[in-house]
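Participant: Once you've had a glance at the structure underneath, I'll fire off some questions.
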Amino acid sequence: MNIAKSSSLVLLTVLSVAAYAAPQIPAPAVVVEETTTAPDIYKRRYVGNIVPINNVYSTAKVSGDLISQGFKDGQYVKAGQLLFEIDPTRYDAAVKSTEAKLAQIKAKLAYAEKNLLRKKELLDKKAASLDAYQNVLSERDTLKAQLLEAEAALILAKDDLKNTRIIAMTDGKTGKAAYSPGNYVTPASGTLVQTVQTDPIRIRFSISARDYLSLFGNDKNIRKNGIVNVILADDSEYKYKGEIEIVDSSVQQDTDTIRVWARFKNPENLLIPYGVVTVILTRNDGKKYPAVTPSAVSHDVNGSFVYVVDSKNNMPVKRYVTLGNLSGEQQVIRKGLKAGELVVTEGFHKIIPGVPVKPVKRGVK
């Protein structure tokens, strides 16, 4: 009995000494960071075509000799500026002739009105026949019709006179004039000069139906949340952002795309009509989501995950997340994480399930 007690006492003493002598294993140190927030920005690249908002082909509406040209070939003009003038002599004469005819008819009509009143008085007194009265009434009504005809002729004559001056219908850059002063032109002469509006200007591009629905859903959202940037032919970024102005009403069946037009400022005329550019369409809905350094995200067969460190016991917990897009140097997390939580960014190989870690922020010893 004493021997058994002695053996138990010795064993307990040995175990106590061994426990006292075993070194404590420190918690493994891992680098952590606090989850921040960032917008989830989607970017897509498309080929864009530069198209003018207005492209005007100026033609002659009347015939005659060109007597002047109010611009130099290739010059920028303002809306309302004189482009060409056709000899107005015969058209001015036509206006004056029509005005004279109109004055004659008005004079005859005034007389006919007075004569009609006299005939009516005589008819009432039975001093004139009904037939005589009706003849005067017919003359008066005929003159009224002639007056309307003369007024219409005067409108056309004045319009012809006005059209001897061909003016710019839009601000823009002219091309080369097809005819110079001294030439006889008619409405069949075709385009005298083309004027292309360059500022502002539009860029047309086609977005896939899938991108349209997944990123925006409808034309209201693409107008509100779509940001359009342009890369020029020399690979430089155009400094002005575009405003989405038109979204086509239907899908192009052969390509399954939707055409979009964006409006741009173009004061330096770097966007040359009918040129080709690269369009970068960005979606920014204004919302912010949790974001981490990309190194915090790992992947396995079940998806993407991060290690979140419990601030109470420093226990790392594996948590699966839904990724958004890269926003600058941050990876956006759409689901599975909250702003302010601590995530491991380095030292994953040190993590043992159920074992606390020592969280260390980068740059802190």
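Participant: Students sometimes get this wrong: rank R259, R362 by accessible area, probe 1.4 Å, all chains present, largest first. Spell out each step's value before the answer.
Facilitator: Numbers: R259 80, R362 160 Å².
Of R259, R362, the descending order of accessible area is R362, R259.
Participant: Quick one: among K162, K288, K312, which has the greatest mean-square fluctuation in a GNM of the chain with alpha-carbon springs under 10 angstrom?
Facilitator: K312
Participant: Normalized C-alpha radius of gyration of the chain, against 2.2 N^0.38 Å?
Facilitator: On the way: Rg = 43.4 Å, N = 365, 2.2 N^0.38 = 20.7 Å.
My calculation over the Cα atoms of the chain gives 2.10.
Participant: Further, regarding this structure: Gain in length, I25 to Q75, computed as 0.36 nm per residue apart minus the alpha-carbon separation, to one decimal in nm?
Facilitator: Numbers: separation 50, 0.36 × 50 = 18.00 nm, distance 8.29 nm.
Fully extending the segment from I25 to Q75 adds 9.7 nm.
Participant: Right, something else. With labels modelled as points extended 7 Å from the Cα through the Cβ direction, what inter-label distance (nm, one decimal) is found for S295 paired with I351?
Facilitator: Using points 7 Å along Cα→Cβ, the separation is 1.5 nm.
Participant: Tell me the per residue accessible area of segment 54-191 using a 1.4 Å probe; a whole number in Å² is fine.
Facilitator: Numbers: 8550 Å² over 138 residues.
Accessible surface, normalised per residue, equals 62 Å².
Participant: While we're looking at this one, here's another question. To one decimal place, what orientation-averaged projected area in nm² is obtained for the convex hull of the Cα set of segment 209-249?
Facilitator: Working: hull surface 14.5 nm².
The directionally averaged projection comes out at 3.6 nm².
Participant: So, one more: What accessible surface, in Å², does a 1.4 Å probe find on S189, ignoring ligands, DNA and RNA and rounding to the nearest 10?
Facilitator: Per-residue accessible area (S189): approximately 30 Å².
Participant: At 27 angstrom or more along the helix axis (alpha-carbon based) and mean Kyte-Doolittle of -0.5 or higher, what helices does the chain contain? Whole DSSP H runs only.
Facilitator: Values: long enough: 2-21 (28 Å, 1.35); 89-124 (53 Å, -0.60); 130-162 (48 Å, -0.12).
Within the chain the helices that satisfy the rule are 2-21, 130-162.
Participant: May I pose another question? For segment 253-349, just the Cα set please: Rg and Dmax, both in angstrom.
Facilitator: 20.8, 65
Participant: Let me ask you something else. Once you've got the Cα coordinates, tell me which of K338/K361; K101/K144; K43/K338; K119/K144; K173/K265; K120/K144 are over 21 Å apart. Mind showing how you got there, number by number?
Facilitator: On the way: K338/K361 18 Å; K101/K144 13 Å; K43/K338 24 Å; K119/K144 18 Å; K173/K265 15 Å; K120/K144 18 Å.
From the list (K338/K361; K101/K144; K43/K338; K119/K144; K173/K265; K120/K144), the Cα-Cα distance tops 21 Å for K43/K338.
Participant: List the lysines whose Cα lies under 16 Å from the Cα of K61, skipping any in the same chain that are fewer than 8 positions away.
Facilitator: K61 reaches K158, K162.
Participant: Given only helices, namely DSSP H runs of n ≥ 4 each adding -39500 (n - 2.57), what is the per-residue ellipticity at 222 nm of the chain, to the nearest 500 deg cm²/dmol? Provide the component values of the computation, followed by the final result.
Facilitator: On the way: 4 runs with 96 residues, N = 365.
Calculated at 222 nm, the ellipticity per residue is -9500 deg cm²/dmol.
Participant: Can you give me the accessible area per residue for segment 216-344, using a 1.4 Å probe, in Å²?
Facilitator: Working: 7260 Å² over 129 residues.
Here the per-residue accessible area is 56 Å².
Participant: Less than 14 Å apart at the alpha-carbon level, and either on another chain or at least 8 residues along: which aspartates and glutamates does that give for K176?
Facilitator: By straight Cα distance, K176 reaches D73.
Participant: Can you spot the aspartates and glutamates whose alpha carbon is less than 16 Å from K239's alpha carbon? Ignore those fewer than 8 places along the same chain.
Facilitator: D199, E268
Participant: Can you compute the equivalent ellipsoid semi-axes for segment 64-202, i.e. the square root of 5 times each eigenvalue of the Cα gyration tensor, sorted largest first and rounded to whole Å? Working shown, then result.
Facilitator: On the way: eigenvalues 561, 45, 20 Å².
Semi-axis lengths for segment 64-202 are 53, 15, 10 Å.
Participant: Select from N325, N302, N218 the residue whose mean-square fluctuation is largest in a Gaussian network model of the chain (Cα-Cα springs shorter than 10 Å).
Facilitator: N302
Participant: Starting from the Cα-Cα distance between Y111 and A145, subtract it from 0.36 nm times their residue separation and give me the gain in nm to one decimal.
Facilitator: 10.7 nm
Participant: Between segment 164-181 and segment 344-360, how many Å separate their Cα centres?
Facilitator: Between the Cα centres of segment 164-181 and segment 344-360 lies a distance of 75 Å.
Participant: Please list the non-local residues whose amide H lies under 5 Å from the amide H of T36, H modeled 1.01 Å from N, same-chain partners needing a gap of 5 or more.
Facilitator: A291, G340
Participant: For the chain, modelled as a Gaussian network with Cα springs under 10 Å, which listed residue fluctuates most, Y111, Y184, Y91?
Facilitator: Per the Cα network of the chain with a 10 Å cutoff, Y111 tops the list.
Participant: How many Å³ per residue does the convex hull of the Cα positions in segment 142-183 occupy?
Facilitator: Per-residue hull volume (Cα only) is 97 Å³.
Participant: Which value, in Å² rounded to 10, gives the accessible area of R140 with a 1.4 Å probe and all protein chains present?
Facilitator: 40
Participant: I would also like to ask the following. How are the C-alpha pair distances of segment 203-295 spread across 10 Å bins, as whole percents from the shortest bin up?
Facilitator: Once binned at 10 Å, the Cα pair distances of segment 203-295 give 14, 43, 30, 11, 1.
Participant: For the chain, which whole percent of the accessible surface, found with a 1.4 angstrom probe, sits on carbon and sulfur atoms?
Facilitator: Details: 12130 of 22250 Å².
It is 55 percent, rounded to a whole number.
Participant: I've got another one for you. What is the gain in length, in nm to one decimal, between V51 and N313 on full extension, counting 0.36 nm per residue of separation less the C-alpha to C-alpha distance? If you can, show how the numbers build up before the last one.
Facilitator: Working: separation 262, 0.36 × 262 = 94.32 nm, distance 6.26 nm.
Between V51 and N313, full extension yields 88.1 nm more.
The values are calculated or read from the model by the stated rules, or taken from the named source; none is laboratory data. What you see is a predicted model, and the numbers here were worked out from it, not measured in a lab. Methodologically, a virtual Cβ is constructed for each residue, glycine included, from the backbone with ideal geometry; neighbour enumeration extends over all protein chains shown. Each accessible area value is taken on the protein alone, full model and side chains, heavy atoms only, with ligands, DNA and RNA left out. Shrake-Rupley method; radii C 1.70, N 1.55, O 1.52, S 1.80 Å.
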